[in-house]
Amino acid sequence: MSDIFHRSLNAIDPEIGALMNADLKRQQDQIVLIPSENYASPAVLLAQGSVLGNKYAEGYPGKRYYNGCEHMDGIEQLAIDRVKALFGADHANVQPHSGSQANVAAFLALLEPGDRIVSMKLDHGGHLSHGIPANLAGKLYDVQFYGVNQETGRIDLNEVADIVKRHQPKMVIVGGSAYPRTLDFKPWREIADSVGALLLADVAHIAGLIAGDAHPNPIPYADVVTFTTHKTLRGPRGAVILCKEAHAEAIDKAIFPGLQGGPFMQSIAARAVNFKEAMEPEFKTYQRQIIANAAAMAAGLVVEGFDLISGGTDNHLMLVDLSERAYSGRQAADRCEEAGIVVNRNTVPFDRRSAFITSGLRPGSPATTTRGMKETEMRQIAKWIAVAVQKDTGSKGRAKIKEEVREMCARFPIYPDLDYTV
Ligand SMILES: Cc1ncc(COP(=O)(O)O)c(C=O)c1O
């Protein structure tokens, strides 16, 4: 491992080698609470950095536009079969380069320009690829939004049903990037059916929880399910589209040739490795621990006097509401980083500050759980955050926390076989 990642590259390209080493050290020494980040396994990293990236394989298994693809077919077919078994899906496309591409492909497959979509507002926890004005989907389609209830911080399904009835969309999107509560997909199917709409579930954030049976599965209810493979699922960067057989041909055509050329075969191999890992019994334990750790961190933050949107979390992330504080989400995140804790700022519903400054933090537990931290560490992290965000703590106070963070991190090596000193 260390040779592949460090020594050899250091000798060949010392500039990139040094930067790569520096980031490995940063990853090891910092506590990462960004809920969309994780540490892929050494097996996933090996497949990702392999010779498979040398091969062009436009098309799909058994129908390629390039010669020399017999092994590519085997790799892609394994990835398809494994992910279908993992989620119980009819059809899988494992080629999307990213979650945003997967969503655009679903739109291209199932909608015409000008068609109406109803999705969650970005500042209430949606995702930009669900149709903010600056996004391709926002420009091509007529997008209307639902949000969370101001009192409860939760999605009010009656309100969503009213919005859907009013706008009569062709597609309803459920799922987002900052919603801390369980999504029950059955009523979403009923809401979509009430106007004859398609239902797209974007489970990018919670795909690992679903695969580990720690969150309801949208497959029985959604026409199309999209997700990234690099968040709770703990795979390589990339995405997958699952769908009912009826949409299979349209989805495949939308990815290739609709949106992409050659698939990243090294990444598809790494996805296959990841799906195999996710089928192991330990993966269920890991996903349950992600939820237990998030719950412990949320409880710890509440003890420290923080308000959480919706009062807590059911999944791997939470939204800390700083609306009433003198400091912004941006200041809080910068102060945490100074203390060795990487957390991202996020808008909170009905935020009065801009999307760049924000009034929230969005901590999550996947990365810390991967390195073996448990509830005790989560409670300690909550305490550090409470001190780090205060202006009065100052640089000296934050430097002291950073040292304590580094000591805790040393007890939880991310890649024990790697030599950080090379
Ligand atoms: C809900 C959701 N959908 C889609 C995406 C987009 O994924 P990518 O960054 O791979 O384009 C994200 C990324 O954070 C997401 O949270």
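Can you bin region 176-263 into rounded, prolate or oblate? Criterion: square roots of the alpha carbon gyration tensor eigenvalues sorted a ≥ b ≥ c, rounded for a/c under 1.5, prolate for a/b above b/c, oblate for the rest.
On the way: a/c = 2.20, a/b = 1.10, b/c = 2.01.
Because a/c hits 1.5 or more and a/b fails to exceed b/c, region 176-263 counts as oblate.
Counting just the Cα atoms, what span does region 47-278 cover along each of its three principal axes? Round to the nearest Å and put the largest first.
56, 36, 30
Classify region 223-268: rounded, prolate or oblate, from the alpha-carbon gyration tensor (a ≥ b ≥ c, eigenvalue square roots; a/c under 1.5 rounded; otherwise prolate if a/b is larger than b/c)?
On the way: a/c = 2.94, a/b = 1.29, b/c = 2.28.
In terms of gyration-tensor shape, oblate.
Of all beta bridges DSSP finds with both residues in region 47-278, what is the antiparallel percent, to the nearest 5? Intermediate results must be reported in sequence, preceding the final value.
On the way: 11 of 25 bridges.
Given both bridge residues lie in region 47-278, the antiparallel proportion sits at roughly 45 percent.
What is the distance, in nm, between label points placed 7 Å from the Cα along the Cα-to-Cβ direction at Leu136 and at Thr376?
4.9 nm
Hey, got the dipole for region 1-140? About the Cα centre, +1 on K and R Cβ, -1 on D and E Cβ, debye to the nearest 20? Don't jump to the answer; show the numbers that get you there.
Values: 11 positive and 15 negative charges, 37 e Å.
With only Lys, Arg, Asp and Glu charged at Cβ, the dipole is about 180 debye.
Could you calculate the FRET efficiency of Glu304 with Glu282 from 1/(1 + (r/R0)^6), where r is the beta carbon distance between them and R0 is 22 Å, rounded to 0.05?
It comes out at approximately 0.10.
Convex hull over the alpha-carbon atoms of the chain: what's its volume per residue in Å³? All intermediate terms of the calculation are to be shown ahead of the outcome.
Values: hull volume 58.6 nm³, N = 422.
That works out to 139 Å³ per residue.
Among all the lysines, which ones have a C-alpha under 19 Å from Lys121's C-alpha, if same-chain residues fewer than 8 places away are not counted?
Leaving aside lysines fewer than 8 places away in the same chain, those within reach of Lys121 are Lys139, Lys165, Lys170.
What shape does region 284-410 take by its C-alpha gyration tensor, where a ≥ b ≥ c are the square roots of the eigenvalues and a/c under 1.5 counts as rounded, a/b above b/c as prolate, and the rest as oblate? Don't jump to the answer; show the numbers that get you there.
Details: a/c = 1.93, a/b = 1.14, b/c = 1.68.
Since a/c reaches 1.5 but b/c is at least a/b, the shape of region 284-410 is classed as oblate.
Between Lys25 and Asn54, what is the label-to-label distance in nm when each label sits 7 Å out along the Cα-to-Cβ direction?
3.3 nm
Please give the net charge around Arg166, taking every other residue with its beta carbon less than 15 angstrom from that of Arg166, where Lys and Arg add +1 and Asp and Glu add -1. Present the calculation step by step, with values, prior to reporting the outcome.
Working: positive: Arg116, Lys165, Lys170; negative: Asp142, Asp156, Glu159, Asp162.
After counting each charged neighbour, the total is -1.
Hey, rough spin-label estimate for Leu157 and Ser354, points 7 angstrom out along Cα→Cβ, what's it come to in nanometres?
Output for this residue pair reads 3.9 nm.
So for each of 299-309, 405-415 I average, over its residues, the number of other beta carbons within 10 Å; can you give me the resulting order with the highest mean first?
On the way: 299-309: 17.9, 405-415: 15.2.
So the peptides 299-309, 405-415, ranked by packing, come out 299-309, 405-415.
Restricting to Cα pairs below 8 Å that are 6+ residues apart, what does the relative contact order work out to for region 284-410? Please round to a whole percent.
Rounded, it is 30 percent for region 284-410.
Given the pairs Lys84/Lys244; Lys186/Lys244; Lys244/Lys276; Lys276/Lys374; Lys55/Lys253, which span a C-alpha to C-alpha distance of over 18 angstrom in this model?
Details: Lys84/Lys244 11 Å; Lys186/Lys244 16 Å; Lys244/Lys276 22 Å; Lys276/Lys374 25 Å; Lys55/Lys253 21 Å.
Over 18 Å Cα-Cα: Lys244/Lys276; Lys276/Lys374; Lys55/Lys253.
Quick one: work out the % antiparallel among DSSP beta bridges in the chain, nearest 5.
Details: 18 of 34 bridges.
Antiparallel bridges: around 55 percent, rounded to the nearest 5.
Each reported figure results from applying straightforward, stated rules to the coordinates on display, with no laboratory input. Computed from a prediction, not measured in an experiment: that's the story for all the values here. Note that each Cβ is placed from the backbone with ideal geometry, even for glycine, and that neighbours are counted across all protein chains shown.
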